[in-house]
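Scroll down for the structure; my scribbles are underneath it.
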Amino acid sequence: MHLPRPRGPISAALGTALRGSPHALPSSVLDHAQRPGGFALSDEDLQVSLWICYELSYRGFSDVDEDWETEPSLLAVRAALEKRMLASLRDLTSPPPRATNAPAALKAMIDADDGPGLALYLQRHATAGQFAEFVAHRSIYHLKEADPHSWAIPRISGRAKAALVEIQSDEYGAGRLERMHSELFRAMMRDLGLDDTYGAYLDQVPAVTLAVSNTMSLFGLHRAWTPALLGHLAVFEMTSSLPNRRYGNGLRRLGHGTGTTRFYDEHVEADAVHEQIAMHDLCGGYLEDHPEDTGKLLFGAACALAADNAMAEFLLQRWESGRSALHGVLETDVA
Ligand SMILES: [Fe+2]
C-alpha cells in the first residue's frame, strides 16, 4: 500500500516527509496539528493524517521507511491529533454512568441507542451500487478485522484474557486462512466486483469512515486506553448479530447467494456467542479485577456506538440526497 492522497496541510506535510528517511518534521506540522478545529470525526485532514500515523504500527506503506513509526516528532503530531479526536469523542458521548454492574450497563447503553437505521436501509432499499459503496467503506476496517483489538491481549490477564483470545481466535478463523473474517470479507468484495487489496478504497472514503478505524487504533495503541478498547470490542460483538442478518438479507434481495453472504451469515452465529463472552467474561472479568476502570471501559463502548452512528448517518444522508457516499466514482468489474 502506498501513502494516501493528502487532504490538507498536515497530511500533505506528512506525505512529503514520509517519502524520505526518518527525520524531525518541521515544527509547522505540529503547529497545524495543535490548532483547534471543528468536529474531529469529519475533519478530512485530521483523520487521514491520524490513519497514516497509525498504519505505521500495522502494515505500513511500501513507500515509507518503517523507522518512521517511532520518530519523536511524528509521535508528537499524532498525540496532538489524538487530543482533538478524544475531545470530539467526549462531546459526542454522554459521561458514562457510575455503574457497578458492567454487563448491565453495556446492555442498557446499547438498548438506549436507536441508531440511524443503516442496516434496515441496506436490507430493504439499497441499490447494488449503494451496497458496494457500503462494503468499500467497511473494507477500511474489515481488511484488518480484529487487529486493533488484538493489541489488548498482552495487556490483560486471567478470565478477561481467556475471553478475548477466544473471541479473537474465531475472528482469525481458528487458524484456518479461508475462515479468517478478513478473508471472508475479501471473498465478498471480489463477488461484488470490488478490489480486495488492503487499503484500495482509502482515498475514496470520507473522514468519518477513517474515524471508525482510528477510534479503535487510538484505544489499541495506548495501554492506558485498554479498558476502552475492551468496551469498544464488547459493543462491536453485542450489536453485530441483527445488523449482519440484515446485511445478508440485503444481499439476498439483490440476488446474491450463500457464497457472497457468508461473511455476514458467519457473524450472525458467531457474534451471538461472542456477545455473551464479551459482556460477561471479557468486560465483567476485567472489571472484577479493575473496578476503577469502569468509566474508561464504558467510554470506549459509547465511542464505538457514536463513531459507527456518525458513519451510518453520513451514508444515509448522501444516499437520501441522491449522491454517492464516496469521493469519486466507485469502479466495479461487474455491471
Ligand atoms: Fe468478525
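The values are calculated or read from the model by the stated rules, or taken from the named source; none is laboratory data. Owing to the predicted nature of the structure, the values given are computational and were not obtained by experimental measurement. Glycine gets a Cβ as well: all are built from the backbone with ideal geometry, and neighbour counts include every protein chain shown. When the accessible area is computed, the model is the full protein with side chains, heavy atoms only, and any ligands, DNA or RNA have been set aside. Shrake-Rupley method; radii C 1.70, N 1.55, O 1.52, S 1.80 Å.
Odds and ends about this structure:
- All-pairs alpha carbon distance profile, the range 223-263, 10 Å steps from 0, percent: 27, 32, 22, 15, 3
- Across the range 127-144, coupling constants 3J(HN,Hα) worked out from phi with the 6.51/-1.76/1.60 Karplus curve, θ = phi - 60°, read 7, 4, x, 5, 5, 5, 4, 4, 5, 4, 4, 5, 4, 4, 8, 5, 6, 10 Hz, and Gly and Pro carry x.
- Taking θ as phi - 60° and the Karplus parameters 6.51, -1.76 and 1.60, the scalar couplings of the range 58-68 work out to 9, 9, x, 10, 5, 9, 10, 4, 5, 6, 4 Hz in sequence order, x denoting glycine and proline.
- Qualifying trypsin sites (Lys or Arg not before Pro) in the range 38-138, DSSP loop, other Cβ atoms within 10 Å at most 11: ARG98
- Volume per residue of the convex hull around the Cα atoms, evaluated for the chain, comes out as 129 Å³.
- Listed by chain and number, the lysines whose alpha-carbon sits under 23 Å from that of LYS144, ignoring those within fewer than 8 places in the same chain, are LYS161.
- Apportionment of accessible area to carbon and sulfur, the chain, percent (1.4 Å): 51 percent
- Helix-only [θ]222 nm of the chain, DSSP H runs n ≥ 4, -39500 (n - 2.57) each, per residue, nearest 500: -19000 deg cm²/dmol
- Ranking by accessible area, most exposed first, for GLU55, GLU66 with a 1.4 Å probe: GLU66, GLU55
- Extent along the principal axes, Cα only, for the range 73-145: 41, 41, 22 Å, with the longest axis given first.
- The per residue volume of the convex hull around the alpha-carbon atoms of the range 159-207 is 98 Å³.
- If you take the Cα centroid of the range 123-153 and the Cα centroid of the range 265-316, the two points sit 17 Å apart.
- Alpha carbon centroid spacing (whole Å) that separates the range 174-235 from the range 42-114: 13 Å
- Protection proxy ranking of 272-279, 317-324, by the mean of other Cβ atoms within 10 Å over each peptide's residues and highest first, is 272-279, 317-324.
- In sequence order, calculated HN-Hα J values of the range 170-180 (Karplus, 6.51, -1.76, 1.60; Hz; x Gly/Pro): 5, 4, 8, x, 6, x, 10, 3, 5, 9, 4
- Normalised radius of gyration (Cα atoms, divided by 2.2 N^0.38 Å) for the range 9-92: 1.04.
- The range 22-160: proportion of alpha-carbon pairs further apart than 23 angstrom, %: 58 percent
- The GNM of the chain, with springs linking C-alpha atoms under 10 angstrom apart, assigns the highest mean-square fluctuation among GLY15, GLY175, GLY129 to GLY175.
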